[in-house]
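Working notes for the structure below.
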Amino acid sequence: WQIIGRNYPWFHEMGLTGHTTQGFDDWGAMGLTAWVAVRLYWDAEQDYNDLVREYCRIRFGEEAADAMQAYYRVFERRMDEIPDMCSNEIWDNHLIVDPATRAAAREALAAAKPRVEGKRERAHFETVELFQQAMDAWCDGIEHTRETGDFAAGAAMMAPAFEIKDRLNKLYSHFVNPFNTNPDRD
């Protein structure tokens, strides 16, 4: 969302009227990005920060909107820190979403939680909490394996990510892309 939010208005000024991109039907990772992109396609003059807040207000409620925007800013700050050579592939997540970033994200979620009101809003918030737990398990497992060479222990650490994926995908079949996170794939 940040890359699109910062760059699309400039591209639009240069004459871009739309584009296609590689993407997956993967609500957990792409929901906010898709929201910002579609809204900017409609009106490229909007400030993407306002669109992020709008998304947070609609999804998590007015009382929690600013706190949830702070959660998403944790990842934006990290994207500003990392070198361009880091890709966006799933096996690089532990480099991008490093332990300090994950800790800051968990703190932001803890701060937002008491502000979430309403049954629907709480349900949406719980999906973000679960997605964060899956991200933590995935990244911890990869980091452990790279540091120790113990693939079995790393895989065991990642197991909760697959359980969470299955739980989230009962809500929506592609909350987490089922093909890219299939533990039975090579």
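Every residue, every condition in (1) modelled with pLDDT of 95 or more; (2) under 18 Å from A29 (Cα atoms); (3) assigned to a helix (DSSP H, G or I); (4) in contact with a helix residue (DSSP H, G or I) (Cβ under 6 Å, 6 or more places away or on another chain), yes or no:
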| position | (1), (2), (3), (4) |
| --- | --- |
| S87 | no, yes, no, no |
| N93 | no, yes, yes, yes |
| R102 | yes, yes, yes, yes |
| E107 | yes, no, yes, no |
| P114 | yes, no, yes, no |
| R120 | yes, no, yes, no |
| H124 | yes, yes, yes, yes |
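For I164, indicate whether it is of a type in the set (A, V, I, L, M, F, W, C), out of contact with any Ser or Thr (no Cβ under 9 Å at 6 or more places or on another chain) and over 24 Å from M68 (Cα atoms). Show your work before the answer.
On the way: of a type in the set (A, V, I, L, M, F, W, C): yes; out of contact with any Ser or Thr (no Cβ under 9 Å at 6 or more places or on another chain): yes; over 24 Å from M68 (Cα atoms): no.
So I164 does not fit the description; no.
For R77, indicate whether it is more than 29 Å from F179 (Cα to Cα), of a type outside the set (V, I, T) and modelled with pLDDT of 95 or more. Break it down stepwise before answering.
Numbers: more than 29 Å from F179 (Cα to Cα): yes; of a type outside the set (V, I, T): yes; modelled with pLDDT of 95 or more: no.
Considered against the rule, which asks whether it is more than 29 Å from F179 (Cα to Cα), of a type outside the set (V, I, T) and modelled with pLDDT of 95 or more, R77 comes out as no.
Need pairs with beta-carbon distance below 7 Å; first residue among the charged types (D, E, K, R) and within the range 98-127, second open to solvent by 40 Å² or more (accessible area, probe 1.4 Å); sequence gap 6+ or separate chains.
Short answer, once both residue conditions are applied: R115/E63; E117/E63.
Taking the range 157-186 on its own, how many of its residues are of a type outside the set (D, E, K, R), open to solvent by 70 Å² or more (accessible area, probe 1.4 Å) and modelled with pLDDT of 95 or more?
Residues flagged as of a type outside the set (D, E, K, R), open to solvent by 70 Å² or more (accessible area, probe 1.4 Å) and modelled with pLDDT of 95 or more within the range 157-186 amount to 1.
For the range 48-85, which residues satisfy the criterion of being part of a loop (DSSP other than H, G, I, E, B) and open to solvent by less than 70 Å² (accessible area, probe 1.4 Å)?
If we filter the range 48-85 for residues that are part of a loop (DSSP other than H, G, I, E, B), which is where we start, we get 61, 82-85.
Correct list: G61, I82, P83.
Just to check your reading of the model, which residue among E126, E147, E107, E143 is under 15 Å from the mean Cα position of the chain (by Cα) and surrounded by fewer than 18 Cβ atoms within 10 Å (Cβ to Cβ)?
Working: E147 fails: under 15 Å from the mean Cα position of the chain (by Cα); E107 fails: under 15 Å from the mean Cα position of the chain (by Cα); E143 fails: under 15 Å from the mean Cα position of the chain (by Cα).
Going through E126, E147, E107, E143 in turn, the sole match is E126.
The values are calculated or read from the model by the stated rules, or taken from the named source; none is laboratory data. Fair warning: this is a prediction, and the values are worked out from it, not measured in the lab. We place every Cβ from the backbone using ideal geometry, glycine too, and count neighbours over all the protein chains shown. Each accessible area value is taken on the protein alone, full model and side chains, heavy atoms only, with ligands, DNA and RNA left out. Shrake-Rupley method; radii C 1.70, N 1.55, O 1.52, S 1.80 Å.
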